[in-house]
Amino acid sequence: MKCPKCSGKLEKVEVSVEGASQKALSLQCPKCEYVEFDPVSSSKVIDELKRKETPLKIRQKIVKLSHNRLGLYLNQNIIRSLRLKAGEEIFVSVPDKKHIVLNLEKK
């Protein structure tokens, strides 16, 4: 296969990606340093890395709002990662005594 930039011969190279056990296959030109990744192998590496992601976990305190009401302030990292805005509605469910699930429905 020829390089689209300089017409040199492309070489197949397996590339190690930090955090992934699989390697991504790439085509590289030794002349002009052109690099193209195989979409199938790179998708597998990305999927593997996504499965290894740890969820954002932050300790929060429950605060007393008024009378018999309690509240929770959301940390700015949570707000930023979920792109939350004041006034948005969320759905709250309690699947068991140890979990609260918040579902966001963005329009």
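We did not get these values from a lab; they are worked out from the coordinates using the rules stated. Here the structure is a predicted model, which is why all the values come from computation and not from measurement. Cβ placement follows ideal geometry from the backbone for every residue including glycine, while neighbour counts extend to all protein chains displayed.
Can you confirm whether region 34-54 contains a residue that is in a strand (DSSP E or B), under 23 Å from the mean Cα position of the chain (by Cα) and exposed (fewer than 10 other Cβ atoms within 10 Å of the Cβ)?
Taking region 34-54 first, the residues in a strand (DSSP E or B) are 35-37.
If we keep only those that are under 23 Å from the mean Cα position of the chain (by Cα) too, we end up with 36-37.
Then drop every residue that is not exposed (fewer than 10 other Cβ atoms within 10 Å of the Cβ), which leaves none.
Checked region 34-54: no residue is in a strand (DSSP E or B), under 23 Å from the mean Cα position of the chain (by Cα) and exposed (fewer than 10 other Cβ atoms within 10 Å of the Cβ).
Quick check on region 16-28. Is at least one of its residues over 23 Å from the mean Cα position of the chain (by Cα), farther than 20 Å from Val101 by Cβ and surrounded by 12 or more Cβ atoms within 10 Å (Cβ to Cβ)?
Among the residues of region 16-28, at least one is over 23 Å from the mean Cα position of the chain (by Cα), farther than 20 Å from Val101 by Cβ and surrounded by 12 or more Cβ atoms within 10 Å (Cβ to Cβ), which makes the answer yes.
Is it the case, given these coordinates, that Ser93 is more than 30 Å from Lys5 (Cα to Cα) and free of Cβ contacts under 8 Å to residues at least 24 places away in the same chain?
Working: more than 30 Å from Lys5 (Cα to Cα): yes; free of Cβ contacts under 8 Å to residues at least 24 places away in the same chain: yes.
Judged against the criteria, Ser93 is a match.
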